[in-house]
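The values are calculated or read from the model by the stated rules, or taken from the named source; none is laboratory data. All figures in this text were calculated on a predicted structure; none of them were measured in a lab. Counting neighbours? That spans all protein chains shown, and the Cβs are built from the backbone with ideal geometry, glycine included. Areas reflect the complete protein model, heavy atoms only, side chains present, ligands, DNA and RNA absent. Shrake-Rupley method; radii C 1.70, N 1.55, O 1.52, S 1.80 Å.
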Amino acid sequence: MIQTLVRQAERGYTPTGNARVDAKLEELLQVLRRSPAWTMPVSGSFTLLLECFLRFVHDRFDAQADLYGERTAYLGPPKPKEDGSPGVWPEKAVQDDLHQHLSGLLAPGSVQREVIDVASGRTDVTYTPQPGRRFVLEVKRRKAAYSREAVERDYLAQAANYTATGPPFGMLLVGDHSNHQGGYSDFDDRVWIISHARSVTEVPRLVVVAALPIARPTPSALRMPTALR
């Protein structure tokens, strides 16, 4: 038991018991540890947030749309609009689910929605473990085709800017609302870290990104792309 506690102290976190989540957590921590700003207590707080964030993304990858009723309905096909045209899930649906998930795992009152006057903007979800130590989780919904390059081009600057007055670590959750008829890539492929420095003297901002497929068809409705048939 003592050896186990020593190994956990060396890691800086307690394994979740889920092999996929633990492997991804360790992979991301290897990148984060290279930052000169990765020191206690900031590193401890962000590691806890990162574990909760990865558990959320992994759970929602597996979850059916009716897992928590209306709360997770956005994972499945949206209802058509009144005129019969295809419906679209609002960004707020993803934000609400993430906020509720984190609120149930982190210290009461430390997770907030819609905090204003942060780097001249309004955050989506904010985790403040202690006064003066704030981490921002930006949430986006994307209807265009997903790629890492497109996500970085369209959303990184805003997510990184929210770290301007706090530790240089943040998170970006993208609800991928594009067409999933051909399926989508897996959990490991859709979680990564982007390093972003806006000047040669700035400590690079490290943003953990996750692209979660939403508005997903049921597995039986998936079709092989025509070119591969």
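With label points built 7 Å along Cα→Cβ from the Cα atoms of residue 83 and residue 165, find their separation and express it in nm.
For residue 83 paired with residue 165, the spin-label model returns 4.2 nm.
By how many nm would the segment from residue 64 to residue 37 lengthen if fully extended, with 0.36 nm per residue of separation less the alpha-carbon distance?
Details: separation 27, 0.36 × 27 = 9.72 nm, distance 3.87 nm.
5.9 nm is the gain from fully extending residue 64 to residue 37.
Viscosity 1.002 mPa s, temperature 20 °C: Stokes-Einstein D of the range 128-183 from its Kirkwood Cα radius, in µm² per second?
On the way: Rh = 12.6 Å.
Here the translational diffusion coefficient equals 170 µm²/s.
So, with a 1.4 angstrom probe, what is the percent of accessible area on the chain that is carbon and sulfur? Please report the intermediate quantities before stating the final value.
On the way: 6240 of 11900 Å².
C and S atoms contribute 52 percent here.
R0 = 41 Å: FRET efficiency of residue 116 with residue 197, Cβ-based, nearest 0.05? Present the calculation step by step, with values, prior to reporting the outcome.
Values: r = 26 Å, r/R0 = 0.64.
In this case the efficiency is close to 0.95.
Would you kindly calculate the translational diffusion coefficient of the range 75-177, applying Stokes-Einstein with the Kirkwood radius from alpha carbon pairs, for 20 °C and a viscosity of 1.002 mPa s, and quote it in µm² s⁻¹ without decimals? Kindly include the intermediate steps, with their values, before the conclusion.
Working: Rh = 15.0 Å.
Approximately 143 µm²/s, per Stokes-Einstein.
Mind checking the per residue accessible area of the range 10-73 for me, 1.4 Å probe, whole number of Å²? Walk me through the numbers before you get to the answer.
Values: 3230 Å² over 64 residues.
Each residue of the range 10-73 exposes 51 Å² on average to a 1.4 Å probe.
Multiplying the sequence separation of residue 92 and residue 107 by 0.36 nm and subtracting their Cα-Cα distance, what value in nm do you get? Intermediate results must be reported in sequence, preceding the final value.
Working: separation 15, 0.36 × 15 = 5.40 nm, distance 2.27 nm.
Separation in residues times 0.36 nm, less the Cα-Cα distance, equals 3.1 nm.
By per-residue mean of other Cβ atoms within 10 Å, what is the highest-first order of 200-210, 89-99? Working shown, then result.
Details: 200-210: 17.5, 89-99: 19.9.
Per-residue Cβ counts within 10 Å, averaged per peptide and sorted highest first, yield 89-99, 200-210.
Dipole magnitude of the chain about its Cα centre, charges +1 at Lys/Arg Cβ and -1 at Asp/Glu Cβ only, in debye to the nearest 20?
Details: 28 positive and 26 negative charges, 49 e Å.
Its charge dipole is roughly 240 debye.
What percentages, rounded to whole numbers, describe P(r) for the chain computed over all alpha carbon pairs with 5 Å bin width beginning at zero?
Once binned at 5 Å, the Cα pair distances of the chain give 1, 6, 13, 18, 20, 16, 11, 7, 4, 2, 1, 0, 0.
Quote to one decimal, in nm, the extra length available between residue 189 and residue 100 on full extension: 0.36 nm per residue of separation minus the C-alpha distance between them. Don't jump to the answer; show the numbers that get you there.
Numbers: separation 89, 0.36 × 89 = 32.04 nm, distance 2.51 nm.
Contour length minus Cα-Cα distance gives 29.5 nm.
May I ask you to list the lysines whose Cα is less than 24 Å away from that of residue 81, ignoring any residue fewer than eight positions away on the same chain?
92, 140, 143
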